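Below you'll find the structure, written out as structure tokens, and then a few comments.
The values are calculated or read from the model by the stated rules, or taken from the named source; none is laboratory data. Please read these numbers as outputs of a predicted model, since none were measured by experiment. Neighbour counts are summed over all protein chains in view; Cβ atoms, including those assigned to glycine, are modelled from backbone coordinates with ideal geometry.
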């Protein structure tokens, strides 16, 4: 455990004048996360509070993690992908002061139990910052699939796009399963290609889709039947798990494209593999049910499969922006300001 960094903010000064406890921020990140998200460090930017960095070895076991939380008694926890789950016995303790979890990544499910939110705890993540890089990656997969990237070989079919069965994105019909921040950003990126966008999103008001120039469809069947490119960007929930079925793949037009940037468990991968093997569809996916995709997986036999190794999220040059948002949220919280990237119960339930 590193030596705590102690500073004093106006809020903390007022708290001390009233003999109230100082805010205690615990950074529970591994070495990689610390260097990626906070390459310039955090001490000079933090408000005047008591901050501690927890060595990764301290949260490798439940007992040491619980002991560290009990000793430091953080009022604020800065968490990452490596941060273990908050112990339920700690959350059930009425005397523990933790009130805010500032997560530097996306989904908080692995670290924050739902009960923390139900009990009034505050949680934030990288919020809308993740939309542009994931949408950009989706566009890459669409173009790579349409342009038959896996068939490119040095010296082979040189200059013969017809032989390579390349296709253009211009003027295509694009279908979106789900319509959150990533889908909205993708629609914006697709505008220069003069495509027609439609979406099936059960909880999204039709007016919101219409405002973005997106046609609201009544069913997944309609979505898969009517579009030349279908992009999976729905959240994984008990309702959506396995919702992309063999029947839906059978409805897709010949030589159409299926792109998955959401979660592998939403898709019947066996059905997807069979549909592609018959030459009916092209597949590009950043996510799979088992990751990394095992070498023995039948998915590797899909003709022209584009496998992206779950890199659609933050790019190497983007981590610092997420760290900066986390620091800004810490300042906002300490100053009583509204937080960016709030994880509400609805957001939590739709996250994966």
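What to note about this one:
- Any hit, the range 217-236, residues being more than 19 Å from residue 267 (Cα to Cα) and assigned to a loop (DSSP other than H, G, I, E, B): yes
- Members of the range 207-216 that are in a helix (DSSP H, G or I) and surrounded by 12 or more Cβ atoms within 10 Å (Cβ to Cβ): 208, 209
- Test for residue 287: is it within 21 Å of the chain's Cα centre (by Cα), outside any loop (DSSP other than H, G, I, E, B) and either outside the structural domain of residue 135 (by TED's automatic domain parsing) or closer than 22 Å to residue 187 by Cβ (or both): no
- Here the range 141-154 is the region considered, the condition is being part of a helix (DSSP H, G or I) and touching a strand residue (DSSP E or B) at 6+ places or on another chain (Cβ under 9 Å), and the residue that is nearest to residue 308 (Cα to Cα) is 141.
- Residue in the range 313-326 that is touching a strand residue (DSSP E or B) at 6+ places or on another chain (Cβ under 9 Å) and either surrounded by 22 or more Cβ atoms within 10 Å (Cβ to Cβ) or assigned to a helix (DSSP H, G or I) (or both) present: yes
- Candidates 254, 275, filtered to the one that is touching a helix residue (DSSP H, G or I) at 6+ places or on another chain (Cβ under 8 Å), in the same structural domain as residue 224 (by TED's automatic domain parsing) and at pLDDT below 95: 275
- Residues of the range 327-352 that are surrounded by fewer than 19 Cβ atoms within 10 Å (Cβ to Cβ) and outside any helix (DSSP H, G or I): 335, 336, 337, 338, 339, 340, 342, 344, 351, 352.
- Residue count for the range 136-178 under the criterion of being free of Cβ contacts under 8 Å to residues at least 24 places away in the same chain and more than 20 Å from residue 261 (Cβ to Cβ): the result is 15.
- Restricted to the range 278-292, and to residues there that are surrounded by fewer than 20 Cβ atoms within 10 Å (Cβ to Cβ) and touching a helix residue (DSSP H, G or I) at 6+ places or on another chain (Cβ under 9 Å), the residue that is farthest from residue 233 (Cα to Cα) is 280.
- Looking only at residues of the range 192-206 that are at negative phi and assigned to a loop (DSSP other than H, G, I, E, B), we find that the one that is surrounded by the most Cβ atoms within 10 Å (Cβ to Cβ) is 201.
- Top-ranked residue of the range 159-178 - restricted to ones that are farther than 21 Å from residue 135 by Cβ, out of contact with any helix residue (DSSP H, G or I) (no Cβ under 6 Å at 6 or more places or on another chain) and surrounded by 10 or more Cβ atoms within 10 Å (Cβ to Cβ), ranked as modelled with the highest pLDDT: 166
- Residue count for the range 95-111 satisfying the condition of being closer than 15 Å to residue 81 by Cβ and in contact (Cβ under 8 Å) with a residue 60 or more places away in the chain: 8.
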